[in-house]
1. Are there strands (runs of 3 or more DSSP E) fully within region 80-164 with at least 1 residues that are closer than 30 Å to Gly53 by Cα? List them.
2. How many residues does region 54-78 contain that are open to solvent by 30 Å² or more (accessible area, probe 1.4 Å), over 16 Å from Asp166 (Cα atoms) and part of a helix (DSSP H, G or I)?
3. If I go through region 159-187 residue by residue, how many of them are over 14 Å from Ile40 (Cα atoms) and open to solvent by less than 90 Å² (accessible area, probe 1.4 Å)?
4. Under 7 Å by Cβ, and 6 or more places apart or on different chains, what pairs join a residue from region 190-209 that is over 23 Å from Pro101 (Cα atoms) with one that is assigned to a helix (DSSP H, G or I)?
5. Report whether or not Val89 is of a type in the set (Val, Ile, Thr) and surrounded by fewer than 19 Cβ atoms within 10 Å (Cβ to Cβ).
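The values are calculated or read from the model by the stated rules, or taken from the named source; none is laboratory data. Since the structure is predicted, the reported quantities are computational estimates derived from the model, not experimental observations. Because the Cβ atoms are built from the backbone with ideal geometry, glycine has one as well, and the counts that use them run over all protein chains shown. For the accessible areas, the whole protein counts, side chains as well, though only heavy atoms, and no ligand, DNA or RNA atoms are used. Shrake-Rupley method; radii C 1.70, N 1.55, O 1.52, S 1.80 Å.
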Amino acid sequence: MHAFDIETNGREIHPKTKFDAQFAPILRCISFSWEKGCAICVPYENDPEGYYGPLKRFMESDVQFIGHNVTYDYFFLRIVNKIRTKRLVGDTMLMSALLVPGKGKYGYGLKPLAAELTDLGGYETDMKSLEDEVEEDPDNPKRKRVLVTKWERVKMNVMAPYNCADADATLQIYKILGARLKHQRMLVAHWIMTNALIPLGEMTHNGFLVDMKWVNESKVKLS
């Protein structure tokens, strides 16, 4: 089982939108962790050494993968890099939400969980010190537009250790929360929800039809 985590240039993805040629989403690197304290970062940007073929074969193999908010990584790789991960078996954000419902948006974040459950807290300090480069939007002076994101500005010698720490933290958190789920007899619930991640992700990315008449009638009944 491998935990994986991607770092991008901070540009948004959406399958229904053509990517802006100037600000297209790009995979900068991807890290894998298979044991506590062990991780490897593949600096994918510009694919200088022909990493695409081996990476695609690995990610589309029968290796079991886990992640944090894994649907984002899954859809980014699928939409931008045409890599379709086949065996997603766990999501630490989902596990945390199952164990402690209502913890809030940031309570389920990887960094808060790493600080709470591992000895890896604070590894994002170098990344926090960077800022986006922005200017006024010529089409809307009240709005700022990002010219260069901090994820584009940061050099790989800073990003790679950060990316590795994300993968390592994910693996450590997975094992800790997995033991808690087992103790509380919730492994089946986690299995069901993990299998629902991709269909729910499809709904998030593509949208879905809603019968508003039924919704409004249901509101009245529930009231």
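1. Where strands (runs of 3 or more DSSP E) fall fully within region 80-164 and carry at least 1 residues being closer than 30 Å to Gly53 by Cα, they are 88-91, 140-148.
2. The qualifying residues number 5.
3. The qualifying residues number 10.
4. From residues that are over 23 Å from Pro101 (Cα atoms), the pairs are His205/Phe75.
5. yes
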